[in-house]
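Read the structure below first, then the notes.
The values are calculated or read from the model by the stated rules, or taken from the named source; none is laboratory data. This is a predicted model, so every value here is computed, not measured. Heads up, the Cβs are rebuilt from the backbone with ideal geometry, glycines too, and the neighbour counts pull from every protein chain shown. What goes into the accessible areas is simple: the full protein's heavy atoms, side chains included, and nothing from ligands, DNA or RNA. Shrake-Rupley method; radii C 1.70, N 1.55, O 1.52, S 1.80 Å.
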Amino acid sequence: MVMGSLEGLRPHGGHLAAMAGFAAYSAGWAALGRRSGRARSAPPGPWELLLTATATFRLSRLIGKATVTRPLRAPFTRVDCPGAPAELNETPREEPGRKTAGELISCPFCLSVWLVATFTGARAVWPGATSTVTGALTALTMADALQYGYSALSERVGHG
């Protein structure tokens, strides 16, 4: 690609639509927060940040990579190959209207932005329920880590 050239660039309409959708989604959470009548919540403390980050990590991988959630991604992606245990590596379909959605739904990093917005908005409206959900997803993440550790240890001692 030559500097100053548009060669190799693809149209950005899908990404612009996704950004507009995210802005509307975030505005919706803000409006719901105002309508709930709850006092503005304090900034999250370190524990809540850790729970939210861990829950976001786990849920973004569950939605974006897990074999069990493949039916959600199937209209927008195609499977390339197996990924990490119980995960798939996928590529967005090239059909109009599916590429951007495929990029968003199969990318844990992309999903994380939407999930953090969801957890942040939900925390303002339903703090107890949101803490329960982020706590449960954090427990799931820890259980996964223990499973990986146990499997690695079992293989190392020859009981795999």
The chain: longest stretch without exposed GluC sites (Glu not before Pro) (DSSP loop, at most 12 other Cβ within 10 Å), sites themselves excluded?
8-93
For Gly64, the net charge from surrounding residues (Cβ-Cβ under 14 Å; K, R +1; D, E -1) works out to +1
Taking the full set of protein chains and a 1.4 angstrom probe, give the accessible area of Leu153 in square angstrom, rounded to the nearest 10.
100
SASA check, Trp114, accessible area w/ 1.4 Å probe, all protein chains in place, rounded to nearest 10 Å², comes out at 70
Can you pull the percent of the chain's accessible area that's carbon plus sulfur, 1.4 Å probe, other chains left in place?
69
Quick check: the distance between the Cα centres of the stretch 133-160 and the stretch 75-113, to the nearest angstrom?
25
Determine the principal axes of the Cα atoms in the stretch 114-154, then give the extent along each, sorted from largest to smallest and rounded to whole angstroms.
44, 20, 6
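Over the stretch 17-73, with the other protein chains present, what is the accessible area per residue in square angstrom, probe 1.4 angstrom?
Values: 3640 Å² over 57 residues.
That works out to 64 Å² for each residue.
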Cβ charges +1 (Lys, Arg) and -1 (Asp, Glu), total dipole of the stretch 21-72, debye
120
So how strong a dipole does the stretch 1-142 carry about its Cα centre when Lys and Arg Cβ are +1 and Asp and Glu Cβ are -1, to the nearest 20 debye?
480
Mean projection area, nm², convex hull over Cα of the chain:
13.7
